[in-house]
1. Which of the residues that make up region 150-186 are of a type in the set (S, T, N, Q) and surrounded by fewer than 18 Cβ atoms within 10 Å (Cβ to Cβ)?
2. Given the criterion surrounded by fewer than 18 Cβ atoms within 10 Å (Cβ to Cβ) and over 24 Å from Ile147 (Cα atoms), identify the matching residue among Ser197, Ser245.
3. Pro104 versus (1) closer than 14 Å to Leu170 by Cβ; (2) modelled with pLDDT under 80; (3) surrounded by fewer than 16 Cβ atoms within 10 Å (Cβ to Cβ): which is the lone unmet condition?
4. Checking the conditions here, which among Ala48, Ala8, Ala13 is in a helix (DSSP H, G or I), closer than 23 Å to Gln161 by Cα, at pLDDT below 75 and among the hydrophobic types (A, V, I, L, M, F, W, C)?
5. Is there any pair linking a residue in region 250-276 that is touching a residue at least 12 places away in the same chain (Cβ under 8 Å) and surrounded by fewer than 11 Cβ atoms within 10 Å (Cβ to Cβ) to one that is of a type in the set (Val, Ile, Thr) and assigned to a helix (DSSP H, G or I), with Cβ under 8 Å and at least six apart or on different chains, and which?
6. Quick check on region 285-299. Is at least one of its residues in contact with a Phe, Trp or Tyr (Cβ under 6 Å, 6 or more places away or on another chain), part of a loop (DSSP other than H, G, I, E, B) and closer than 24 Å to Asn204 by Cα?
7. What are the residue pairs meeting all of these: first residue in region 22-46, first residue on the phi > 0 side of the Ramachandran plot, second residue at pLDDT 75 or above, Cβ atoms under 8 Å, and 6 or more apart or on different chains?
8. Among (1) surrounded by 15 or more Cβ atoms within 10 Å (Cβ to Cβ); (2) out of contact with any Pro (no Cβ under 9 Å at 6 or more places or on another chain); (3) part of a strand (DSSP E or B), there is one condition Pro323 misses while meeting the rest; what is its number?
Amino acid sequence: MKKIKLSALCAFAIGSLLLVSCGNNSTPKASLKTEVDSISYAYGVNLADQGLMQYLEQLGVVENASNLEYEYQMRIASADSTERVALQKELKSKVDSLNKANAPKLDEFLKGLKEAVNAGDKKASYIQGLSIGNQISQQMLPQFNSIIFAADTTQKINTDQLIAGLVGTLKNGELAMSKTDAGTFVQNKMEAAQAQSQQMNEENLKGEYAGAIEEGENFLAENAKREEVEVLPSGLQYEIIKKGSGAIPTQNDQVKVHYHGTLLDGTVFDSSVERNEPAVFGVTQVIPGWTEALQLMPVGSKWKVYIPYSLAYGAEDRGTIKPFSTLIFDVELLSIER
């Protein structure tokens with residue numbers, strides 16, 4: 001399964017939108033009391049930090065403090081201790097002035113945005129905040145909820161905390177979670193949720209391919225009874241066709257090999273032998289069964305290797321190689337490439 005990057009969820013589909021609203025804006029207070037509140041707040045911080053602030057700056061709604069902060073950081077880094085204190089005070093004063101200047105237009109924008117995020121199916125398009133809020137509510141939040149809470153449909157993002165994180169970032173305020181920590185937190189949660197979803201999909205597929213799994217297990221069980229076959233704790237099996245006397249590769253090595261791969265029924269799915277062209281690759285750049293076998297083979301060896309699906313391609317469908325396929329390889333280790 002391909003990983004979904006956080007930046008992909010923070011890209012706004014923004015067209016020609018108009019800013020016409022007015023009114024005061026009140027911001028929910030940050031609260032990280034629960035896991036849902038924390039992921040909601042972190043997501044709000046990231047929405048603001050990964051494109052929205054830059055977009056508002058392009059529109060002239062706000063002026064971003066990032067360039068100002070960068071300029072002063074460079075000056076502060078080369079200043080002596082006395083100048084550093086003065087520059088820090090000067091930077092704080094300018095950022096405060098910038099935030100004050102941004103506040104009126106930003107409040108107008110946020111009023112519409114908050115209405116849209118909490119509006120559900122209500123259609124609204126009278127300000128930019130409302131338009132972008134609709135995109136968050138109707139497109140981004142459902143997708144994000146489906147990724148993070150796929151295993152529990154009773155949970156969803158807390159929109160108050162999302163807005164708290166988003167607004168705090170847009171206003172250059174003090175954050176309950178730093179931008180860096182928020183990005184890491186959200187990305188880790190997404191990756192963990194995807195891993196869980198992939199595991200659930202694999203469990204479902206096992207029912208569909210129960211016959212292939214049983215066939216592979218029966219074959220390996222019978223094959224293990226042969227005296228010439230070595231069985232490793234991982235489940236990998238091999239028999240030595242020709243003994244080599246050279247060096248044994250490590251996980252950091254590149255190797256040159258000839259190989260011939262087949263399914264249990266003899267179907268050839270890949271063969272450098274048939275191509276008459278040895279392959280060169282890193283020991284860790286192949287399936288786990290290959291990686292394990294190569295680190296046991298002296299150069300000059302030729303082995304027949306029997307790889308259970310768990311050390312091959314697992315639940316992946318690779319065309320000729322169907323999910324949960326047990327694979328057989330003739331492998332000849334020609335050399336270690338330095």
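1. Within region 150-186, Thr153, Thr154, Gln155, Ser178, Thr180, Thr184 meet the criteria.
2. Of Ser197, Ser245, the one residue that is surrounded by fewer than 18 Cβ atoms within 10 Å (Cβ to Cβ) and over 24 Å from Ile147 (Cα atoms) is Ser245.
3. Exception for Pro104: condition (2).
4. Among Ala48, Ala8, Ala13, only Ala8 is in a helix (DSSP H, G or I), closer than 23 Å to Gln161 by Cα, at pLDDT below 75 and among the hydrophobic types (A, V, I, L, M, F, W, C).
5. Hits for this filter: Gln251/Thr291.
6. Among the residues of region 285-299, not one is in contact with a Phe, Trp or Tyr (Cβ under 6 Å, 6 or more places away or on another chain), part of a loop (DSSP other than H, G, I, E, B) and closer than 24 Å to Asn204 by Cα, which makes the answer no.
7. Listed pairs, sorted by first residue: Gly23/Asp107; Gly23/Glu108; Gly23/Lys111.
8. (3)
The values are calculated or read from the model by the stated rules, or taken from the named source; none is laboratory data. Given the structure is predicted, the values throughout are model-derived calculations rather than measurements. With ideal geometry, Cβ positions are generated from the backbone for all residues, glycine too; neighbour counts draw on all protein chains shown.
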